[in-house]
1. Identify the residue in segment 159-182 that is out of contact with any strand residue (DSSP E or B) (no Cβ under 6 Å at 6 or more places or on another chain) and β-branched (Val, Ile, Thr) and, among all such residues, is surrounded by the most Cβ atoms within 10 Å (Cβ to Cβ).
2. Pairs needed: first member in segment 12-23, free of Cβ contacts under 8 Å to residues at least 12 places away in the same chain; second member anywhere, charged (D, E, K, R); C-beta distance under 7 Å; at least 6 residues apart or different chains.
3. Going through segment 146-158 one residue at a time, which ones are closer than 23 Å to Pro179 by Cβ and either in contact with a Lys or Arg (Cβ under 6 Å, 6 or more places away or on another chain) or surrounded by 13 or more Cβ atoms within 10 Å (Cβ to Cβ) (or both)?
4. Among the residues of segment 152-165, are any closer than 13 Å to Ala90 by Cα, part of a loop (DSSP other than H, G, I, E, B) and touching a residue at least 24 places away in the same chain (Cβ under 8 Å)?
5. Please count how many residues of segment 17-31 are assigned to a helix (DSSP H, G or I) and in contact with a helix residue (DSSP H, G or I) (Cβ under 7 Å, 6 or more places away or on another chain).
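Bear in mind these aren't lab numbers, they're just calculated from the coordinates by the rules spelled out. What you see is a predicted model, and the numbers here were worked out from it, not measured in a lab. Cβ placement follows ideal geometry from the backbone for every residue including glycine, while neighbour counts extend to all protein chains displayed.
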Amino acid sequence: MEEIAKRLRAFRRANRMTLKQLAQKAGCTDAYLSQLERGRANPSIMILKKIASALQVKVVDFFLENNPMEDDVVVKEKERVNINFRQGDAKLQMLVKNIRDKRMQPFFTTIEPRGGSKGAYSHIGEECGIVLKGQLEINLNGKLYRLKKNDSFYFSSQEPHSWFNPGKTKTIVIWVVSPPTF
């Protein structure tokens, strides 16, 4: 969480925003943002997405090193960039090292039992994926979709959406966001 804290503070300062200004744009309190910047709170995927949007960055920017990565055609499993969310119990692994100039952003997503986005969010673009293992619930603008192994999905990211693992085992999903906004 220290990496997120440092980068959050740096992005906020680069945007010349106060904690209060960012809190208003992201829909949270300045006290909560202060805790995040000090590494004393763990953001959910939903809130980190809102903060990233308010700062005009991508969620992945909170996890990547500042130096540009090589644009490799093949990414070995051990080379994947990990994006872990303690709150929400989800782990996303980028299936490409560098999303610069890409039209889509693929993830290998692992969701712990009872884990999920912890709230709805929306953004530009579209999402699709396939459940490789377990169960997944997607709430799309108030309509609940239940998926199991080998079921796939496709929806507009502009609709408020959330996701959740209702099962007792890990859920694994190949998830693609286009354009890269995460």
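1. This residue is Thr181.
2. Pairs found: Lys20/Asp30; Ala23/Asp30.
3. Within segment 146-158, the subset closer than 23 Å to Pro179 by Cβ is 152-158.
Residues satisfying the conditions are Phe153, Phe155, Ser156, Ser157.
4. Yes, segment 152-165 has at least one match.
5. Just the residues of segment 17-31 that are assigned to a helix (DSSP H, G or I), to begin with: 19-26, 30-31.
Still in the running and in contact with a helix residue (DSSP H, G or I) (Cβ under 7 Å, 6 or more places away or on another chain): 19-20, 22-23, 25-26, 30.
Counting residues in segment 17-31 that are assigned to a helix (DSSP H, G or I) and in contact with a helix residue (DSSP H, G or I) (Cβ under 7 Å, 6 or more places away or on another chain) gives 7.
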